[in-house]
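Novice: Below you will find the structure I want to go over with you.
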Amino acid sequence: MKKNGSAVKKGINLFVLILIISSIFTSCEQDFSEVGSDLVDNSNFNSLLFKNSEIDAHSVKVNRVQTNNSNVFLLGTYKDEVYGNTKANILSQLSLAVPDPSFGDNPVLDSVVLKIPYFSTAIDIDGQETIYELDSLYGNEPINLSIHRSNYYLRSLDPANNYDQQLYYSDQGEVFEQNIEPVALYTDENFVPSAEEIITTTPVVNENGEETNEKEVIRSAPALRTLLSNEFFKNLIIDQEGTSYLRNNSNFQDYFRGLYFKVNSPTGEGNMSLLDFSKASITLHYTYDYTVNVQNEEGETIVEEREGQRDLTLNFGPNRVNVFENDFNALPEDEKLYLKGGEGAMAVIDLFTNEVQLDSIREQGWLVNEANLKFYVDESVPNNQKQPLRLFIYDINNNSVVSDYTFDASTNENNPLVSRLIHLGPLSEDDNGNRFYKIRVTGLVNNIINKDSTNTRLGLTVSNNVNSTTLSKADFNPAVENLENLPNSSIFYPKGTVLKGTNTSEENTDKKLQLEIYYTEPK
């Protein structure tokens with residue numbers, strides 16, 4: 001398809017996506033309606049809705065969060081009209097793909113290429129070119145990007161904690177920056193992530209292992225890709241052949257302690273992108289001399305000098321840390337629910353806070369057909385417009401997802417944008433244009449009422465990937481019992497929102513947070 005058809009195809013894809021989502025919700029509503037109609041027709045049951053269970057919900061500030069428990073990291077600056085500016089920098093170790101390398105005779109470094117993939121989707125094809133769209137880019141204004149050598153040693157094990165995994169946190173940026181070289185290895189004062197396909201060429205090698213004049217074209221998805229200093233990496237690595245520095249990665253990581261990616265936005269605007277460090281690398285391309293025995297025209301064996309080409313790859317890791325700087329330092333003193341990714345905020349929700357009421361419900365033997373928590377966007381908050389598409393809810397006491405997550409029939413492991421739409425309903429609008437998120441907790445509520453399961457405390461966060469259930473350590477203010485972890489899908493996501501809480505003093509009380517329970521009760 002040509003470029004002039006890209007917009008049409010994108011529109012069709014969006015239409016198909018809407019149809020898929022609509023069909024899922026429609027089928028779910030039909031299933032519920034059919035169940036409800038059967039129960040209503042049965043003279044032994046009544047179909048009812050209960051919205052008066054007592055619940056509590058409040059926000060907590062995320063003071064800092066562990067960020068060395070991931071393969072994806074944020075880089076850049078992000079401006080939020082409600083929560084202010086966020087800056088994300090990265091510190092990473094490097095590892096030799098092949099320890100104790102041999103570079104051959106007279107090695108000459110040709111180029112050093114850094115490549116860190118973005119998250120992107122192919123949306124069109126124009127001849128041989130693939131057209132991509134970046135999936136996790138927030139903002140598109142230029143920022144200053146510099147890459148520095150770091151002198152801070154990232155340990156893997158913590159000697160102060162029984163040599164368990166060393167934890168690194170989002171608030172350690174000041175310490176890291178005190179240990180970087182002032183002169184940058186790379187600078188770009190107008191950095192904006194590009195969605196362009198990356199095209200490279202490599203010489204074609206014949207059956208004898210010799211390079212030919214033909215070139216092979218290699219196409220790859222968008223990435224942060226740039227050249228680094230040949231002189232620096234020649235001194236750092238090529239000239240150290242045979243030394244203890246390169247003998248193994250333990251030695252190498254003590255010798256060369258890593259790179260620090262630093263960003264700045266003088267205007268406050270900018271961009272922030274999610275980078276895939278699991279596939280990141282620095283590749284040293286170099287030539288070397290070697291000799292081979294060949295026969296001349298007289299049939300005599302002679303030694304011939306030739307030039308070969310090799311690569312040495314440096315991978316990022318194993319230790320990598322995201323550090324954040326925020327304007328958001330404290331929660332407002334009100335009953336709204338503040339959710340912000342990264343070093344932001346989350347909500348804590350307690351269901352059935354009235355034990356007498358819960359015991360009364362249990363005694364009536366309800367069959368729970370559906371239970372929902374509906375969170376309305378607080379439109380009274382100025383500039384509360386940039387809403388995340390998805391929220392995530394989890395069991396704080398057990399550090400796990402709830403049963404509704406596990407048994408959601410709409411799970412799509414390949415595409416989190418359209419995954420778990422039944423349990424974690426995406427941002428939606430009612431008939432009056434009010435925006436809301438509907439979180440279905442039928443299994444959880446049914447277990448509490450009918451199986452005497454322990455009432456649990458729930459955590460609510462923003463999410464950039466509802467398929468990710470990994471949790472990392474965090475510190476919160478105020479402290480909450482058993483609350484020690486935060487989902488990674490919230491940590492590496494800059495967006496935020498403000499939702500209505502349980503406050504009954506507001507005029508529009510039907511938009512406050514409530515637990516809706518659709519149930520049937522034997523007569």
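Novice: Out of curiosity, is Phe392 of a type in the set (Phe, Trp, Tyr) and in contact with an Asp or Glu (Cβ under 9 Å, 6 or more places away or on another chain)? Reasoning before the result, please.
Specialist: Values: of a type in the set (Phe, Trp, Tyr): yes; in contact with an Asp or Glu (Cβ under 9 Å, 6 or more places away or on another chain): no.
Here the answer is no, as Phe392 does not meet what is asked.
Novice: If I filter the range 282-290 for residues that are of a type in the set (S, T, N, Q) and open to solvent by 40 Å² or more (accessible area, probe 1.4 Å), do I get at least one hit?
Specialist: Step one: of the range 282-290, the residues of a type in the set (S, T, N, Q) are 283, 287.
Filter again for open to solvent by 40 Å² or more (accessible area, probe 1.4 Å), leaving none.
No, the range 282-290 contains no residue that is of a type in the set (S, T, N, Q) and open to solvent by 40 Å² or more (accessible area, probe 1.4 Å).
Novice: Give the range 236-277 a look and list any residue that's open to solvent by 50 Å² or more (accessible area, probe 1.4 Å), in contact (Cβ under 8 Å) with a residue 40 or more places away in the chain and among the hydroxyl-bearing types (Ser, Thr, Tyr), or say none.
Specialist: The one that is open to solvent by 50 Å² or more (accessible area, probe 1.4 Å), in contact (Cβ under 8 Å) with a residue 40 or more places away in the chain and among the hydroxyl-bearing types (Ser, Thr, Tyr): Thr267.
Novice: Restricting attention to the range 186-206, which residues are among the aliphatic types (A, V, I, L, M), in a loop (DSSP other than H, G, I, E, B) and open to solvent by less than 40 Å² (accessible area, probe 1.4 Å)?
Specialist: Ala195
Novice: Taking Val60 as the residue in question, decide whether it is at negative phi and open to solvent by 10 Å² or more (accessible area, probe 1.4 Å).
Specialist: Numbers: at negative phi: yes; open to solvent by 10 Å² or more (accessible area, probe 1.4 Å): no.
Criteria not met by Val60.
Novice: All but one of (1) in contact (Cβ under 8 Å) with a residue 24 or more places away in the chain; (2) farther than 19 Å from Asn315 by Cα; (3) of a type outside the set (S, T, N, Q) hold for Ala280; state the number of the condition that does not hold.
Specialist: Every listed condition holds for Ala280 apart from (2).
Novice: Applying the selection to the range 388-397, what residues are aliphatic (A, V, I, L, M) and either buried (at least 17 other Cβ atoms within 10 Å of the Cβ) or part of a helix (DSSP H, G or I) (or both)?
Specialist: Just the residues of the range 388-397 that are aliphatic (A, V, I, L, M), to begin with: 389, 391, 393, 396.
Those that are aliphatic (A, V, I, L, M) and either buried (at least 17 other Cβ atoms within 10 Å of the Cβ) or part of a helix (DSSP H, G or I) (or both): Leu391, Ile393, Ile396.
Novice: So if I check each of Ser170, Ser194, Ser156, Ser146, which one is of a type in the set (Gly, Ala, Ser) and over 24 Å from Thr77 (Cα atoms)? Before you say what the answer is, go through the steps one by one.
Specialist: Working: Ser170 fails: over 24 Å from Thr77 (Cα atoms); Ser194 fails: over 24 Å from Thr77 (Cα atoms); Ser146 fails: over 24 Å from Thr77 (Cα atoms).
Just a single option satisfies the conditions, and that option is Ser156.
Novice: Is it the case, given these coordinates, that Tyr493 is closer than 22 Å to Gln385 by Cβ and among the hydroxyl-bearing types (Ser, Thr, Tyr)? Steps first, please.
Specialist: Working: closer than 22 Å to Gln385 by Cβ: yes; among the hydroxyl-bearing types (Ser, Thr, Tyr): yes.
Yes: the conditions hold for Tyr493.
Novice: Something else about it: Among what's in the range 82-100 and is small (Gly, Ala, Ser) and assigned to a strand (DSSP E or B), pick the residue that is surrounded by the fewest Cβ atoms within 10 Å (Cβ to Cβ). Full working, then the answer.
Specialist: If we filter the range 82-100 for residues that are small (Gly, Ala, Ser), which is where we start, we get 84, 88, 92, 95, 97.
Then keep just the ones that are assigned to a strand (DSSP E or B); that gives 84, 88, 92, 95.
Details: Gly84: 15, Ala88: 28, Ser92: 24, Ser95: 17.
Looking at residues that are small (Gly, Ala, Ser) and assigned to a strand (DSSP E or B), I get Gly84.
Novice: Hey, can you tell me all the residues within the range 458-474 that are buried (at least 18 other Cβ atoms within 10 Å of the Cβ) and in a strand (DSSP E or B)?
Specialist: Of everything in the range 458-474, those that are buried (at least 18 other Cβ atoms within 10 Å of the Cβ) and in a strand (DSSP E or B) turn out to be Leu458, Gly459, Leu460, Thr461, Val462, Ser463, Leu471, Ser472, Ala474.
Novice: Might you check whether a residue that is at pLDDT 95 or above, of a type in the set (A, V, I, L, M) and either open to solvent by 20 Å² or more (accessible area, probe 1.4 Å) or closer than 23 Å to Asn369 by Cα (or both) occurs anywhere in the range 481-493? Steps first, answer last, please.
Specialist: Taking the range 481-493 and keeping what is at pLDDT 95 or above, we get 483-493.
From what is left, the residues that are of a type in the set (A, V, I, L, M) are 483, 486, 491.
Still in the list and also either open to solvent by 20 Å² or more (accessible area, probe 1.4 Å) or closer than 23 Å to Asn369 by Cα (or both): none.
Checked against the condition, which is being at pLDDT 95 or above, of a type in the set (A, V, I, L, M) and either open to solvent by 20 Å² or more (accessible area, probe 1.4 Å) or closer than 23 Å to Asn369 by Cα (or both), the range 481-493 yields no hits at all.
Novice: Let me ask something else about it. Has the range 473-489 got any residue that is hydroxyl-bearing (Ser, Thr, Tyr) and under 17 Å from the mean Cα position of the chain (by Cα)? Quick ask: steps written out before the conclusion?
Specialist: Residues of the range 473-489 that are hydroxyl-bearing (Ser, Thr, Tyr), as a first pass: 489.
Now drop any that are not under 17 Å from the mean Cα position of the chain (by Cα), which leaves 489.
Yes, the conditions are met somewhere in the range 473-489.
Novice: Looking only at residues in the range 217-241 that are under 17 Å from Asp110 (Cβ atoms) and part of a strand (DSSP E or B), which one is modelled with the lowest pLDDT? Give the steps one after another, and end with the answer.
Specialist: Quick first cut of the range 217-241, residues under 17 Å from Asp110 (Cβ atoms) only: 218, 225-239, 241.
Those still in the list that are part of a strand (DSSP E or B) too: 218, 225-228.
Numbers: Ile218: 88, Arg225: 97, Thr226: 97, Leu227: 97, Leu228: 97.
Filtering first and then ranking leaves Ile218.
Novice: So which residues in the range 63-81 are part of a strand (DSSP E or B) and either crowded, with 19+ Cβ neighbours inside 10 Å or in contact with a helix residue (DSSP H, G or I) (Cβ under 8 Å, 6 or more places away or on another chain) (or both), if there are any at all? Before the answer, list the steps.
Specialist: Taking the range 63-81 as the starting set, the residues that turn out to be part of a strand (DSSP E or B) are 63-66, 72-80.
Matches in the range 63-81: Val65, Gln66, Val72, Phe73, Leu74, Leu75, Gly76, Thr77, Tyr78, Lys79, Asp80.
Rundown of residues vs (1) closer than 19 Å to Asp276 by Cβ; (2) part of a strand (DSSP E or B); (3) at pLDDT below 95, yes/no style:
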residue: Thr121; (1), (2), (3): yes, yes, yes
residue: Ile125; (1), (2), (3): no, yes, yes
residue: Tyr132; (1), (2), (3): yes, yes, no
residue: Leu145; (1), (2), (3): yes, yes, no
residue: Tyr152; (1), (2), (3): no, no, no
residue: Arg155; (1), (2), (3): no, no, no
residue: Ala160; (1), (2), (3): no, no, yes
residue: Leu167; (1), (2), (3): no, no, no
residue: Val175; (1), (2), (3): no, no, no
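Novice: Starting from residues that are assigned to a loop (DSSP other than H, G, I, E, B) and closer than 19 Å to Leu499 by Cβ, keep the ones in the range 423-439 and report whichever is most open to solvent (accessible area, probe 1.4 Å). Step through it out loud before you land on a result.
Specialist: Pass one, the range 423-439, residues assigned to a loop (DSSP other than H, G, I, E, B): 423, 425-427, 430-434.
Pick out the ones that are also closer than 19 Å to Leu499 by Cβ and you get 423, 425-427, 430, 432-434.
Numbers: His423: 2, Gly425: 5, Pro426: 16, Leu427: 52, Asp430: 37, Asn432: 131, Gly433: 36, Asn434: 42 Å².
Applying the filter and picking the extreme gives Asn432.
Novice: Within the range 74-89, is even one residue more than 30 Å from Pro266 (Cα to Cα) and touching a strand residue (DSSP E or B) at 6+ places or on another chain (Cβ under 9 Å)?
Specialist: Taking the range 74-89 first, the residues more than 30 Å from Pro266 (Cα to Cα) are none.
No, that holds for no residue.
Novice: Among the strands (runs of 3 or more DSSP E) lying completely within the range 293-383, list those that include at least 2 residues that are open to solvent by 20 Å² or more (accessible area, probe 1.4 Å), of a type in the set (S, T, N, Q) and modelled with pLDDT of 95 or more.
Specialist: 301-326
Novice: Looking at the range 398-422 only, could you name the residues that are surrounded by 14 or more Cβ atoms within 10 Å (Cβ to Cβ), over 20 Å from the mean Cα position of the chain (by Cα) and closer than 17 Å to Leu460 by Cα? Break it down into steps so the answer makes sense when it comes.
Specialist: Let us first name the residues in the range 398-422 that are surrounded by 14 or more Cβ atoms within 10 Å (Cβ to Cβ), namely 399-405, 408, 410-412, 416-422.
Now restrict to residues that are over 20 Å from the mean Cα position of the chain (by Cα): 402-404, 408, 410, 422.
Val402, Ser403, Asp404, Ile422 - these are the residues of the range 398-422 that are surrounded by 14 or more Cβ atoms within 10 Å (Cβ to Cβ), over 20 Å from the mean Cα position of the chain (by Cα) and closer than 17 Å to Leu460 by Cα.
Novice: Please go through the range 128-166 and pick out each residue that is among the acidic types (Asp, Glu) and under 24 Å from Leu94 (Cα atoms). First the steps, then the outcome.
Specialist: Going residue by residue through the range 128-166, those that are among the acidic types (Asp, Glu) are 129, 133, 135, 141, 158, 164.
Residues satisfying the conditions are Asp158, Asp164.
Novice: Out of Ile90, Ile20, report the one residue that is modelled with pLDDT under 50 and either closer than 30 Å to Ser229 by Cβ or not polar (S, T, N, Q) (or both). If you could, list the steps in order and put the result at the bottom.
Specialist: Numbers: Ile90 fails: modelled with pLDDT under 50.
Unique residue meeting the criteria: Ile20.
Novice: Going through the range 167-200 one residue at a time, which ones are under 24 Å from the mean Cα position of the chain (by Cα) and either among the small types (Gly, Ala, Ser) or over 29 Å from Gly344 (Cβ atoms) (or both)?
Specialist: Correct list: Ser170, Gly173, Ser194, Ala195, Glu196, Glu197, Ile198.
Novice: Looking only at residues that are out of contact with any helix residue (DSSP H, G or I) (no Cβ under 8 Å at 6 or more places or on another chain) and charged (D, E, K, R) in the range 440-457, which one is surrounded by the fewest Cβ atoms within 10 Å (Cβ to Cβ)?
Specialist: Only one residue fits best here, namely Lys451.
The values are calculated or read from the model by the stated rules, or taken from the named source; none is laboratory data. Keep in mind that what you see is a predicted model, and the values were worked out from it rather than measured. Here Cβ is always computed from backbone atoms with ideal geometry, including for glycine, and neighbour counts include all displayed protein chains. SASA here: full protein model, heavy atoms, side chains in, ligands and nucleic acids out. Shrake-Rupley method; radii C 1.70, N 1.55, O 1.52, S 1.80 Å.
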